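The values are calculated or read from the model by the stated rules, or taken from the named source; none is laboratory data. From a predicted model like this one, the values you see are computed outputs, not experimental measurements. Note that each Cβ is placed from the backbone with ideal geometry, even for glycine, and that neighbours are counted across all protein chains shown. Side chains are part of the model used for accessible areas, which takes the heavy atoms of the whole protein and leaves out ligands, DNA and RNA. Shrake-Rupley method; radii C 1.70, N 1.55, O 1.52, S 1.80 Å.
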Amino acid sequence: MTVLLVTEGKHISFTICTTMFKAAESLNMARPQDNPATHQNPTESGRRPITACLLNTAFFGALGSSYLYGYNLSVVNAPALHIKVFYNTTWMERYGEPIKEETLTFLWSITVSIFAIGGLLGALFVSVLLRILGRKGTLLLNNVFAIIAALLLSLGETAKSFEMLIIGRLIMGLDSGVALSALPMYLGEISPRHVRGLIGQFNSILICLGVFTGQALGLPELLGQGSRWNFLFAFMAFPAVLQLCVLPFLPESPRYLLMERKDEAGAERAFQRFLGKEDVSQELEEVRREAQNQGNLQIVSVLQLIRSPAVRWQLITIIITMACYQLCGLNAIWYYTNGILREAGFDANIIPYITLSTGAIETLAAIISGLVIERLGRKLLLIFGFSAMAVFFSLLTVFLTFQDSASWMPYLSYVCILIVIASFCSGPGGIPFILTGELFEQSYRPAAFMIAGTVNWLSNFAVGLLFPFIQERLGSYAFLVFVVVCVIGSIYLFIVLPETKNKTFMDISKSFAKINKIPPPSPCYEMELTLCITPDAKDKDQNVKMESYL
């Protein structure tokens, strides 16, 4: 036990820092009132229930953000033929002749791929929005993009303008680019560290649920008919409006309020609502320590982040993990699914219903991952996911090669597809977004999400552009390219990535200090960080003088 005594006139201030709590934690004996901010309390974190405020924020935050991203990944598949008919009809009315096949293919390719271009644009300017509007404010503004996109896409047929559909897809991509950076950052900052992974997985779960909803609503009996396809796009406004109605009544990120806005009262109220308790002094102290550890907090630029040796390997880890997230081959799976089902002898009319199983498996695997992530950890789930994908991509290659040799072989191929999808959603499908928020402290976080988002959308665009050529050259052996990506990702994560579950952001940064070749803090600086920073005005002078003395 260490006791620091500061005397100034008649004022005596005691600060007690103890290391006995670590042993108490391992024996499950720590008491709630004795637990310091930098250590886990089993009673507080392991048994305290998640509050309704935290769950509502995670759900409604993801509903108007990642859910719409997932929905837009699948919603264009079912009405593709009907939209092409609309393009041809509009062309004939304008120019008096049918559209050429290559022109129609080009317009449709632009309609599909411009979504990724919009996502890249959103990722590039999201850091500015986060700095000015905050996490919650950025999500609220983002709903305006979703509503505008829904109007353009749903009214394009009425206005006889296929340009409206293309612009609508661009704006929807912009919405998704902003959402996939702002939402994971928001969820990571509002969550207690013992459930940070669980709350962060709401992002992945709602993406999968959005994909499944797009598949279900696209069935012919629902909105997949020629006269109803525009309602598929009108539906996108519903989650956005719902988020606009609910999110304003939920708190902003307390870390953002305290560290960037210097609003201690607002941060305290936010912590109280998210945690469901009145005394949040330990949580406030943890944030103050992080702010003090970073000195005079200034949000760094992308260039400063790239040049900083203190976060070099965190940045490399996020770039590799996010690239593997897109390049691991899941997007290519959808290319083969319908063909494999046809080869298996399924009637073409029932194939859309069978493919619903892929969306259901996605959602189920993401939910299970969210339930076990705090027990198994991020690192294990990521390595397991990429390794399992490598194994079953290899088996899928074998089964596709010998698909005509036996009538039951296509069924094995389809089972491999389902397992690949489940493996992806068990870890690689959501954890990269969680890691981006965990590996960086407050000042680096906006720039880190901007870089991660850029890598994500560039990789997405590369897969869409290059995979048709790879598939044309290699056929069923194209999946071996993804095997290599998954193996490289697994090996890198095994060697470099530390486990981040149940750690503070400062502890995670210290885990990278050795590999970044950053010297440990001096003993005087460590003593400074143990000082309790009290918000009372009468104690501020003593704190400042003590810090100056140290």
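Roll a 1.4 angstrom probe over the protein heavy atoms and tell me the percent of accessible area of segment 57-126 that is carbon or sulfur.
67
Using R₀ = 45 Å, calculate the FRET efficiency as 1/(1 + (r/R₀)^6) where r is the Cβ-Cβ separation of C245 and S405; round to 0.05.
0.20
Which distance in Å, rounded to a whole number, links the C-alpha centroids of segment 183-253 and segment 135-168?
16
Explain nothing, just the number: relative contact order of segment 137-272, from Cα pairs under 8 Å at least 6 residues apart, as a whole percent.
Answer for segment 137-272 is 30 percent.
Give the calculated FRET efficiency between L81 and R307 to the nearest 0.05, with a Förster radius of 51 Å applied to their Cβ-Cβ distance.
E between L81 and R307, to the nearest 0.05, is 0.50.
Roughly speaking, what is the stretch gain from L356 to L133, that is 0.36 nm per residue apart minus the C-alpha to C-alpha distance, in nm to one decimal? If you can, show how the numbers build up before the last one.
Details: separation 223, 0.36 × 223 = 80.28 nm, distance 3.84 nm.
Value of the extension gain: 76.4 nm.
Let a ≥ b ≥ c be the square roots of the eigenvalues of the Cα gyration tensor of segment 225-332; is it rounded (a/c under 1.5), or, if not, prolate (a/b larger than b/c) or oblate?
oblate
Compare the peptides 301-308, 419-426 by average per-residue count of other Cβ atoms within 10 angstrom and give them in order, highest first.
So the order, starting with the most tightly packed, is 419-426, 301-308.
Mind ordering 468-481, 149-162 by average Cβ neighbours within 10 Å, highest first?
So the order, starting with the most tightly packed, is 149-162, 468-481.
If one computes the Cα centroid of segment 52-116 and of segment 365-432, what distance in Å separates the two points?
With segment 52-116 and segment 365-432 each reduced to a Cα centre, they are spaced 27 Å.
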